[in-house]
Amino acid sequence: MSIIESVGVPLLTVAATLGGGWLVSTRITDHWDQVKKNRDMDLAAAQDFQRLYGEFIAVWKTWNALTSGHTPVTTPEHVGWGCLERATAAEGEIEALLAKVAAERVLTGEEVDVLGGVRQAFKAVRRTIQRGEPLDWWSSGVQPYVAFKSLSTAVSVLLSTTPNTRRRPTVTLAAHNFREITDNRHEISWIETAQRFSLEDRST
């Protein structure tokens, strides 16, 4: 056996082993980096939603405390104009967050209904401000308030839970789901959606 053969073969074996190990470790590292990135994005989305929930509560309480004789908010001079701006901004952020979720997750029909329901719930305070009325959720047991809390909890869980698959929806599916989330049918069904979700929870 020549020197080249006696030295070269072991070197090639070592090089192949090291190269294969590097490739495998790199792929594993890339996989876990992506997992961490996805998890960080999920947590950021959940935190954004929870912040907007808090903003909704703050606007509601501020608006109800402003005056006992509410009048419709139609001009910037109205005492409630700032509340209207904040409520509208929160709705805009919710809409953007839902578009992001529709683009990043393969959603079930139930999840679409929950997201569509919470979008409608977030409109409640703006609509009462525009009418010049207090948001009459005077008790923790008032049906719309219970529904709002149930849907908000469900969305928080959805956003903070890593999905079973990280398969992205197609553009067509994402667009379809976002249209379904923003469909006007949720205007009349969002409370029913929350009730259905709660009943399903109790039966499991």
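The values are calculated or read from the model by the stated rules, or taken from the named source; none is laboratory data. Predicted, not measured: the structure shown is a model, and the values here were computed from it. Don't worry about glycine lacking a Cβ; one is built from the backbone with ideal geometry, like all the others, and counts go over all protein chains shown. Protein only, heavy atoms only, side chains kept; ligands, DNA and RNA dropped before computing areas. Shrake-Rupley method; radii C 1.70, N 1.55, O 1.52, S 1.80 Å.
Which numbered condition in (1) out of contact with any helix residue (DSSP H, G or I) (no Cβ under 8 Å at 6 or more places or on another chain); (2) closer than 17 Å to Arg196 by Cα; (3) open to solvent by less than 60 Å² (accessible area, probe 1.4 Å) is the only one that Gly132 fails?
(2)
Give just the number: which of (1) surrounded by 12 or more Cβ atoms within 10 Å (Cβ to Cβ); (2) under 17 Å from Leu97 (Cβ atoms); (3) not hydrophobic (A, V, I, L, M, F, W, C) does Thr161 not satisfy?
Tallying (1) surrounded by 12 or more Cβ atoms within 10 Å (Cβ to Cβ); (2) under 17 Å from Leu97 (Cβ atoms); (3) not hydrophobic (A, V, I, L, M, F, W, C), Thr161 fails exactly one: (1).
Filter segment 115-171 down to the residues that are of a type in the set (S, T, N, Q), assigned to a helix (DSSP H, G or I) and modelled with pLDDT of 90 or more and list them by number.
Scanning segment 115-171 gives Gln120, Thr128, Gln130, Gln143, Ser150, Ser152, Thr153, Ser156.
Run down Ala90, Ala96 and say which single residue is modelled with pLDDT of 95 or more and surrounded by fewer than 16 Cβ atoms within 10 Å (Cβ to Cβ).
Only one candidate passes the filter, namely Ala96.
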